[in-house]
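S.K.: Mind having a look at this structure? Questions to follow.
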C-alpha cells in the first residue's frame, strides 16, 4: 500500500536548506530571511539573525552594494554527547544592490533580540518635491478712443 504525504516534499526541501552537505558536521545557514519595505522617505530592512554574536554583525556599503554579515558560534563539542543538533552555526551573509536614489551616508543599523534593523534613507535629490509655478502678470494698457 502506498501512502501519499503532501508535506514530504516540503520537509525534504526544508531539510536541504537547513542542513549542511555532510551529515554529522556543523551546519551553516544557507539564507538570512529579511523583510524590506518603504516608509515615508526611507526604506526599512529587517533581518532575522537569531543567536548571532552581536560583535560579529557587520553592515557595510561598497560601490552601491549593501552587505550584511554575522557570525553565530558553534558550541564546544568537547565532552558533549549530542542528542539533537538543529541550530545553525557559521556565517550569515546577504547582499543587496542599492539604487542611485539612496543616501548611503545616512544608513543606520541596530540589533535587538536577534533582529537586525537597517534604516536606509532616500537621497534628498530623489525625494518627490513640489515645484512652485510662478505667475507672470502682464499689464497691458487699454486704449480708449476719444470722440471728437
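S.K.: Select, from 141, 105, 147, 84, the only residue that is farther than 15 Å from residue 48 by Cβ, surrounded by fewer than 10 Cβ atoms within 10 Å (Cβ to Cβ) and at pLDDT 90 or above.
M.R.: Working: 141 fails: at pLDDT 90 or above; 147 fails: at pLDDT 90 or above; 84 fails: at pLDDT 90 or above.
After applying the criteria, what remains is 105.
S.K.: Limited to segment 17-56, what total is found for residues that are modelled with pLDDT of 60 or more and not in a loop (DSSP other than H, G, I, E, B)?
M.R.: 16
S.K.: Could you identify the single residue in 126, 74, 141, 47 that is over 19 Å from residue 31 (Cα atoms) and touching a strand residue (DSSP E or B) at 6+ places or on another chain (Cβ under 9 Å)?
M.R.: Criteria check complete, one pass: 126.
S.K.: Among the numbered criteria (1) surrounded by 10 or more Cβ atoms within 10 Å (Cβ to Cβ); (2) farther than 20 Å from residue 95 by Cβ; (3) at pLDDT below 60, which single criterion is violated by residue 14?
M.R.: Status for residue 14: all satisfied but (3).
S.K.: Give the residue, chosen from 67, 97, that is surrounded by 12 or more Cβ atoms within 10 Å (Cβ to Cβ), at negative phi and under 17 Å from the mean Cα position of the chain (by Cα). Please lay out each step first, then the result.
M.R.: Working: 97 fails: surrounded by 12 or more Cβ atoms within 10 Å (Cβ to Cβ).
When all the criteria are applied, what remains is 67.
S.K.: Please go through (1) within 15 Å of the chain's Cα centre (by Cα); (2) surrounded by 12 or more Cβ atoms within 10 Å (Cβ to Cβ) for residue 127 and return the number of the only condition it doesn't satisfy.
M.R.: The single condition residue 127 does not satisfy is (1).
S.K.: On to the next question. Among (1) touching a helix residue (DSSP H, G or I) at 6+ places or on another chain (Cβ under 8 Å); (2) surrounded by 11 or more Cβ atoms within 10 Å (Cβ to Cβ); (3) part of a loop (DSSP other than H, G, I, E, B), where does residue 74 come up short?
M.R.: Result: residue 74 passes all but (1).
S.K.: Anything in segment 102-122 that is outside any strand (DSSP E or B) and touching a strand residue (DSSP E or B) at 6+ places or on another chain (Cβ under 6 Å)? List them, or say none.
M.R.: So the first thing to find is which residues in segment 102-122 are outside any strand (DSSP E or B), and the list is 103-107, 113-114.
The answer is 103, 104, 106, 107.
The values are calculated or read from the model by the stated rules, or taken from the named source; none is laboratory data. What you see is a predicted model; the values in this text were computed from it and never measured. In this analysis, Cβ positions are derived from the backbone assuming ideal geometry, glycine residues included, and neighbour counts consider all displayed protein chains.
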